[in-house]
1. Given the options 28, 12, name the one that is surrounded by 10 or more Cβ atoms within 10 Å (Cβ to Cβ), at pLDDT 70 or above, part of a loop (DSSP other than H, G, I, E, B) and not aromatic (Phe, Trp, Tyr).
2. Quick one: residue 21 ticks every box in (1) exposed (fewer than 10 other Cβ atoms within 10 Å of the Cβ); (2) at pLDDT below 75 except a single one, so which number is it?
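The values are calculated or read from the model by the stated rules, or taken from the named source; none is laboratory data. This structure is a prediction, so every number in the text was calculated from the model and none was measured. With ideal geometry, Cβ positions are generated from the backbone for all residues, glycine too; neighbour counts draw on all protein chains shown.
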Amino acid sequence: MRGGGVRAAVRVPLRGAPVLVRRFVVVVRRGSAGRPPSARAVAALREVADERTAKGV
């Protein structure tokens with residue numbers, strides 16, 4: 001698989017109430033990632049994923 005942005009980790013809560021987590025898979029046609037609407041959507045999803053990863057969620 002190309003792209004390198006795939007994270008295959010499972011979150012296991014050790015204490016407290018478990019937090020609901022959803023997985024998203026983003027697929028774009030080759031060459032369309034540079035199109036403005038697609039690029040903005042993918043960038044927004046990456047930003048949120050990075051923020052949640054930094055928070056440990």
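1. Within the list 28, 12, the selection yields 28.
2. Answer for residue 21: the failing condition is (1).
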